[in-house]
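The values are calculated or read from the model by the stated rules, or taken from the named source; none is laboratory data. Everything numeric in this text was worked out from a predicted model, so none of it was measured. Virtual Cβ from ideal backbone geometry, glycine too; neighbours counted across all protein chains shown. The accessibility values were calculated without ligands, DNA or RNA, using every heavy atom of the protein model including side chains. Shrake-Rupley method; radii C 1.70, N 1.55, O 1.52, S 1.80 Å.
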Amino acid sequence: MIYKTFKKFKPSPVCTLLSVLALSACGGASEDPELVTSNSTTNTQSESSNNDSTSAGAGINEAEGAVGSESSSSVENSSSQSSGPSSTESESNQASNSENTSSNTENDIAETSEETTDYSENVESNDVIAPLITYSPSSLVITEGMSTSLGVTAEGTDLNYQWYFNGEAIFGATESQLSLDNITNEAAGTYFCVVSNTAGSDTSSSAIISVADAIILKSVTVSWMPPTEREDGSTLQNDEIDLYRIYYGLASESGYSGTLDISGTLSDIVVEELETGEYKFAISTIDVSGLESALSEEHLIAIR
């Protein structure tokens, strides 16, 4: 026979701490060629030769006192012969001047070509857009043993990235993203990124990474003695028990934050994933008709 009322029972206060589950926290232009214009084209020899010929002709006329056509003809021939070499030298001078003019033209072309090359290089340099950071990393609090990443976004062309930790360049950290894996307390500090190219650079704002102690989750085993009586004193058989309900929560908080339903055939349970602290536990019995007894007395268990 099932009664509508239960007698309040007291479960066994034996609560044993089984195990501790801890998360182990954790980048000449060459000199212009000198133009040597050796215009050593003197007509001194030619003029001297002509003067000598003229003087010779005059001397002959004065000495002989005759102005013969043959003498005149002889002088003219002499002058004509003397003028031959002068004409040759003049042609040589003209050729030399022509070469010098050609050399000057080539030099001018070379200088113009160099100027054009320099201009082209300047144009290419002007095509590079200086970096502008549009997103900087944010400060974070990370639990020891966890992983995270920092990122930066920038506009510009041919961008180079370099991450810094506490003012020192991080070797190999040359991407827009910086991954921090299995963080320890040594990873706490200030991070920032410098984005650069040939046109300039930009520095992100600093992100402060704080490392919190790892959250150590533990488990405890709660056990009890099955009740044998109802609240009116009548006998309660084991096969009349449908289940047990475990209530638990932090001792510093009011009420209970969690419940667990356990088969009526069991007399202990492992409560897992509990953080460090002091917890309170209580238990009730529910019979096959769905009637639930009052809660047992609370038992406190400290999880360290």
Candidate set: the stretch 136-159, residues that are open to solvent by 60 Å² or more (accessible area, probe 1.4 Å) and not in a strand (DSSP E or B); chosen: the one farthest from ILE209 (Cα to Cα):
ASP158
Number of the condition not met by GLU168 [criteria: (1) open to solvent by 20 Å² or more (accessible area, probe 1.4 Å); (2) closer than 30 Å to ASP268 by Cβ]
(2)
Considering each of VAL195, VAL222 in turn, give the residue that is in contact with a Cys (Cβ under 6 Å, 6 or more places away or on another chain), part of a strand (DSSP E or B) and of a type in the set (A, V, I, L, M).
VAL222
Assuming THR198 fulfils every condition listed in (1) more than 30 Å from TRP163 (Cα to Cα); (2) loosely packed, with under 14 Cβ neighbours inside 10 Å apart from one, which condition is it?
(1)
Of all residues making up the stretch 255-293, the number that are in contact with a strand residue (DSSP E or B) (Cβ under 8 Å, 6 or more places away or on another chain), farther than 15 Å from MET225 by Cα and of a type in the set (A, V, I, L, M, F, W, C)
5
Can you report the number of residues in the stretch 201-219 which are open to solvent by 30 Å² or more (accessible area, probe 1.4 Å) and either farther than 30 Å from ALA169 by Cα or not in a strand (DSSP E or B) (or both)?
6
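Inspect all residues belonging to the stretch 245-263 and state whether any of them is basic (Lys, Arg), modelled with pLDDT of 90 or more and more than 30 Å from LEU159 (Cα to Cα). Lay out the reasoning, then the answer.
First, pick out the residues of the stretch 245-263 that are basic (Lys, Arg): 245.
Of the ones still in play, those that are also modelled with pLDDT of 90 or more are 245.
Still in the list and also more than 30 Å from LEU159 (Cα to Cα): 245.
Within the stretch 245-263 (the criterion being basic (Lys, Arg), modelled with pLDDT of 90 or more and more than 30 Å from LEU159 (Cα to Cα)), the answer is yes, since at least one residue qualifies.
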Quick one: which of GLN162, GLN177 is among the polar types (S, T, N, Q), open to solvent by 30 Å² or more (accessible area, probe 1.4 Å), farther than 11 Å from GLY151 by Cα and touching a Ser or Thr at 6+ places or on another chain (Cβ under 7 Å)?
GLN162
